[in-house]
């Protein structure tokens with residue numbers, strides 16, 4: 001994909017991986033809109049990056065339908081989406097409530113599905129474009145305390161495989177990115193310890209580079225799935 005003048009939507013774009021990805025895409029000449037649930041923080045990020053702000057909760061179907069429609073109206077079409085919105089809760093099985101799974105799945109699974117579905121309508125019609133789903137290495141291997149988060153990323157990975165098989169015949173590429181631990185606000189928001197000064201940990205710009213490189217590949221090929229690990233995280 002030629003990124004210059006391409007039209008790309010990034011969900012979860014006000015901070016972390018989403019924000020860094022939006023910045024990298026803008027630097028390559030793409031026309032970008034970012035989505036997030038906090039209107040004030042999203043507007044600030046959009047102003048700094050030179051993006052369009054599209055506030056809204058991706059877990060709400062009507063919101064997603066309206067958001068994608070507005071994107072298409074503003075930009076005259078859509079070429080790609082980076083499905084990045086997500087969060088996690090972590091607890092042992094015996095301390096996990098059904099409501100925990102529901103909250104995580106509403107965004108990580110159902111939200112990703114809604115965004116992909118609405119964008120894919122346009123990509124299939126024009127027979128071009130890409131969907132990038134940001135999952136996690138937690139989608140590759142479960143771990144103690146990861147019932148809600150890891151299973152949601154396993155689900156996203158499964159949906160991604162289905163979409164890839166369906167959409168290839170329409171010349172639409174579907175890519176999955178699996179980051180390992182990245183220094184963002186994800187960890188503190190989930191109540192997990194993380195040293196932001198640890199130089200061995202991955203940074204959002206590392207994942208953004210992987211996403212951009214995947215999108216930039218000539219449309220005759222694509223990277224189905226890419227895991228990004230820190231070289232020596234300990």
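The values are calculated or read from the model by the stated rules, or taken from the named source; none is laboratory data. Just so we're clear, the structure is a prediction, and the values are computed from it rather than from any experiment. With ideal geometry, Cβ positions are generated from the backbone for all residues, glycine too; neighbour counts draw on all protein chains shown.
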(message) So residue 69 passes all but one of these: (1) surrounded by 14 or more Cβ atoms within 10 Å (Cβ to Cβ); (2) closer than 27 Å to residue 161 by Cα; (3) free of Cβ contacts under 8 Å to residues at least 60 places away in the same chain; (4) over 15 Å from the mean Cα position of the chain (by Cα). Which condition number does it fail?
(response) (1)
(request) Among residues belonging to the stretch 149-200 that are at pLDDT below 90 and in a helix (DSSP H, G or I), point out the one that is nearest to the chain's Cα centre (by Cα). (result) 186
(message) Out of the residues in the stretch 98-146 meeting the condition of being over 23 Å from residue 16 (Cβ atoms) and in contact with a strand residue (DSSP E or B) (Cβ under 8 Å, 6 or more places away or on another chain), tell me which one is surrounded by the most Cβ atoms within 10 Å (Cβ to Cβ).
(response) 129
(request) Please go through the stretch 201-234 and pick out each residue that is in a loop (DSSP other than H, G, I, E, B), over 20 Å from residue 186 (Cβ atoms) and touching a strand residue (DSSP E or B) at 6+ places or on another chain (Cβ under 9 Å). (result) 217, 219, 221, 222, 223, 224
(request) Please give the number of the condition residue 76 fails out of (1) closer than 30 Å to residue 220 by Cβ; (2) crowded, with 19+ Cβ neighbours inside 10 Å. (result) (2)
(request) Run down 142, 129 and say which single residue is touching a helix residue (DSSP H, G or I) at 6+ places or on another chain (Cβ under 6 Å), in contact (Cβ under 8 Å) with a residue 40 or more places away in the chain and more than 14 Å from residue 226 (Cα to Cα). (result) 129
(message) So, residue 53, is that one in contact with a strand residue (DSSP E or B) (Cβ under 6 Å, 6 or more places away or on another chain) and either buried (at least 18 other Cβ atoms within 10 Å of the Cβ) or in a strand (DSSP E or B) (or both) or not?
(response) no
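If a residue must be in contact with a strand residue (DSSP E or B) (Cβ under 9 Å, 6 or more places away or on another chain) and not in a loop (DSSP other than H, G, I, E, B), how many such residues does the stretch 24-39 contain?
Qualifying residue count for the region: 9.
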(message) Consider the stretch 72-97. How many of its residues are farther than 22 Å from residue 22 by Cβ and free of Cβ contacts under 8 Å to residues at least 12 places away in the same chain?
(response) 3
